[in-house]
Structures are given as C-alpha cells and as structure tokens.
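To start, the structure itself, in structure tokens.
The values are calculated or read from the model by the stated rules, or taken from the named source; none is laboratory data. None of the values given here were measured: they were computed from a predicted structure. With ideal geometry, Cβ positions are generated from the backbone for all residues, glycine too; neighbour counts draw on all protein chains shown.
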C-alpha cells in the first residue's frame, strides 16, 4: 500500500494515524452496515417484547446479537489488517521502532 490514495493510514497529517479509518478504508462498510442491521434487529426485538410477542422478540434479539457480533468481528479484522499495513510501511520507511497503536 505505497499509494497514499489507497493507504488507510494517515502517516503525515495527524498524531492519531487511525483517525477517520472507518471512512477511508471502504472494507469497513460491511462491518458498519452489519452493526446497523443488528441494532435495527435489536430494536425490533425489544418492540416485539413490548407488544407481547415473545417468540418474535427472542428471534429478533438472537439475530441481533449474532449480526452485531459478526459486524464487530469484521471491524476488528479490518483494523488488524490496517495495523499490519502500518507496521510494514514503518519497517520500509523508517529506522526507528514502530510507534504503539493510538487506537
């Protein structure tokens, strides 16, 4: 990822290199969408419980938990990939040890 247009790490303009990572790295959109869908399913489940439909509520909450967990796992995986790219970039362009992660 030597091309700055596709590099999700901002090396020059901030001391927090991962600021805006979710917006620059398009791979995060899947995880963000999954978390959003999971939150919607959770709201649906809570609404179903409130209106006296425990079967629908249980199903929706189970789906919500699974989808939110999958979305968060996706976001964690993409963040780890960005950190690996950051370490490779630092090894190739600097003689100092890589800084600790700021996020």
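Please determine, by comparing only the residues of region 15-34 that are assigned to a helix (DSSP H, G or I) and surrounded by 18 or more Cβ atoms within 10 Å (Cβ to Cβ), which one is modelled with the highest pLDDT. Result: 34.
I'd like to verify a number: residues in region 43-87 that are more than 28 Å from residue 99 (Cα to Cα), out of contact with any helix residue (DSSP H, G or I) (no Cβ under 9 Å at 6 or more places or on another chain) and buried (at least 16 other Cβ atoms within 10 Å of the Cβ), how many? Residues in region 43-87 being more than 28 Å from residue 99 (Cα to Cα), out of contact with any helix residue (DSSP H, G or I) (no Cβ under 9 Å at 6 or more places or on another chain) and buried (at least 16 other Cβ atoms within 10 Å of the Cβ): 0 in total.
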